[in-house]
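S.K.: Below are the structure tokens for one structure; questions will follow.
The values are calculated or read from the model by the stated rules, or taken from the named source; none is laboratory data. Remember, it's a predicted structure, so these values are computed and weren't measured experimentally. So basically every Cβ, Gly included, is an ideal-geometry build from the backbone, and we count neighbours across all protein chains shown.
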Amino acid sequence: MAEQVVLKMERAGVRLDKFLTEQRPELSRSHLQKLIEAGDVLVDGRQRKANYKSRGGETVVLTLPAPEALDIVPEALPLSILYEDADIIVIDKARGMVVHPAAGVTHGTLVNALLAHCKDLSGINGAIRPGIVHRLDKDTSGVMVAAKNDRAHLDLAEQIRTKAARRVYWAIVWGNIREESGTIKGAIGRSEKDRKCMAIVEGGKPAVTHFHVLECFGTYTLVECRLETGRTHQIRVHLTSIGHPLVGDPKYGHRASPFAIRGQALHSKTLDLTHPVTQVPMHFEAPLPEDMATILARLRAGQRK
């Protein structure tokens, strides 16, 4: 059964899609834009475009379609579980595992594995992404959290939106980063040259990445990255933009990797959040995967010679 939500646009000059994102942070802006386009959002009884700007005082009726029947097959796949309780499950995702089903990928995803392992997952993100609060790229390994119920999902989504949840990544990149630390700013959107890639583009979504160099090896650098925003491929695009693409990156790398790694050398190392129910601060850390640990051991051995 569809759900109707009545909201008031008190402020003037606010875009309709931005207003809805502020009011319903558990729903992505792109999802809300699709609902607007489909006529599921009415402003004072009239259909408007996503870029409609409020005059102030209008009534918005948002109709959320009933969830689609869930026909994803649970699969008993190996999961590296860092923590689990009645509300959340924290996973060390393996490199090569897709987070949720998409076009052409219906099996072998983290969602398939979670459905086999958990009795319940939150349904806020729709039928193909139950429990998924945030994503990692297929070839990015490391720590991520999933929600077992809608209450936990809403709280975790808000923590990620407001940056209260902190994520730190480790990456091995080409070249010697000379600065000890720095900040990369560049709006990210679809590349005009290749629509399957992201790029720093005019009119893209604002993106900020803070980095700190951990070790230099001359030809390579181990760098820690902290995200201020969470755009698609953000770390990969930003580090490439300063001349230091990730080792093994199939989309943004500029040469073949001499190391045995499938995909980019990027790992979600730590995640700090507040438990959505108990409100207790929590810290999770995923050890480096074997492929990245092997690369670092080889680079360190080369330095000692």
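S.K.: Would you mind stating whether Glu224 is more than 23 Å from the chain's Cα centre (by Cα) and assigned to a strand (DSSP E or B)?
M.R.: In short, no.
S.K.: Just the residues that are at pLDDT below 95 and either of a type in the set (Phe, Trp, Tyr) or farther than 25 Å from Asp194 by Cα (or both), please, taken from segment 246-275.
M.R.: Result: Tyr252, Pro258, Phe259, Ala260.
S.K.: Based on what the data block shows, is Arg231 assigned to a helix (DSSP H, G or I), crowded, with 16+ Cβ neighbours inside 10 Å and basic (Lys, Arg)?
M.R.: Judged against the criteria, Arg231 is not a match.
S.K.: Continuing with the same structure: For the condition in contact with a strand residue (DSSP E or B) (Cβ under 7 Å, 6 or more places away or on another chain), buried (at least 22 other Cβ atoms within 10 Å of the Cβ) and farther than 30 Å from His275 by Cα, what is the one hit in Met198, Met144?
M.R.: Of Met198, Met144, the one residue that is in contact with a strand residue (DSSP E or B) (Cβ under 7 Å, 6 or more places away or on another chain), buried (at least 22 other Cβ atoms within 10 Å of the Cβ) and farther than 30 Å from His275 by Cα is Met198.
S.K.: Where residues in segment 125-136 are part of a loop (DSSP other than H, G, I, E, B) and surrounded by 21 or more Cβ atoms within 10 Å (Cβ to Cβ), which of them is modelled with the highest pLDDT?
M.R.: Applying the filter and picking the extreme gives Leu136.
S.K.: Could you tell me which of the residues Cys197, Cys216 is touching a residue at least 40 places away in the same chain (Cβ under 8 Å) and either in the same structural domain as Gly96 (by TED's automatic domain parsing) or closer than 30 Å to Arg304 by Cβ (or both)?
M.R.: Being touching a residue at least 40 places away in the same chain (Cβ under 8 Å) and either in the same structural domain as Gly96 (by TED's automatic domain parsing) or closer than 30 Å to Arg304 by Cβ (or both) holds for just one of Cys197, Cys216, which is Cys216.
S.K.: Among Ile72, Ile88, which is modelled with pLDDT of 95 or more and farther than 19 Å from Glu10 by Cβ?
M.R.: Ile88
S.K.: Which numbered condition in (1) among the polar types (S, T, N, Q); (2) over 22 Å from Val133 (Cβ atoms); (3) in contact with a His (Cβ under 7 Å, 6 or more places away or on another chain) is the only one that Ser257 fails?
M.R.: Every listed condition holds for Ser257 apart from (3).
S.K.: Further, regarding this structure: Give segment 1-28 a look and list any residue that's within 20 Å of the chain's Cα centre (by Cα) and surrounded by fewer than 16 Cβ atoms within 10 Å (Cβ to Cβ), or say none.
M.R.: Residues satisfying the conditions are Lys18, Glu22, Pro25, Ser28.
S.K.: Let me ask something else about it. Among the residues of segment 231-251, write down those that are touching a residue at least 24 places away in the same chain (Cβ under 8 Å) and of a type in the set (S, T, N, Q).
M.R.: Thr232, Gln234, Ser241
S.K.: I've got another one for you. So, in segment 283-305, of the ones that are touching a residue at least 24 places away in the same chain (Cβ under 8 Å) and among the hydrophobic types (A, V, I, L, M, F, W, C), which residue ends up farthest from Lys93 (Cα to Cα)?
M.R.: Across segment 283-305, the extreme among qualifying residues is Leu299.
S.K.: Right, next: If I go through segment 284-305 residue by residue, how many of them are at pLDDT 95 or above and part of a loop (DSSP other than H, G, I, E, B)?
M.R.: Within segment 284-305, residues that are at pLDDT 95 or above and part of a loop (DSSP other than H, G, I, E, B) number 4.
S.K.: Wholly within segment 1-119, which strands (runs of 3 or more DSSP E) include no fewer than the required count, namely at least 2 residues that are farther than 24 Å from Gly230 by Cβ and in contact (Cβ under 8 Å) with a residue 60 or more places away in the chain?
M.R.: Fully inside segment 1-119 and qualifying: 3-9.
S.K.: Further question: Could you please give the count of residues in segment 152-166 that are surrounded by 22 or more Cβ atoms within 10 Å (Cβ to Cβ) and under 12 Å from Met282 (Cβ atoms)?
M.R.: Number of matching residues: 1.
S.K.: Report the residue count in segment 180-208 for those that are at pLDDT 95 or above and under 15 Å from Asp249 (Cβ atoms).
M.R.: Number satisfying all stated conditions: 0.
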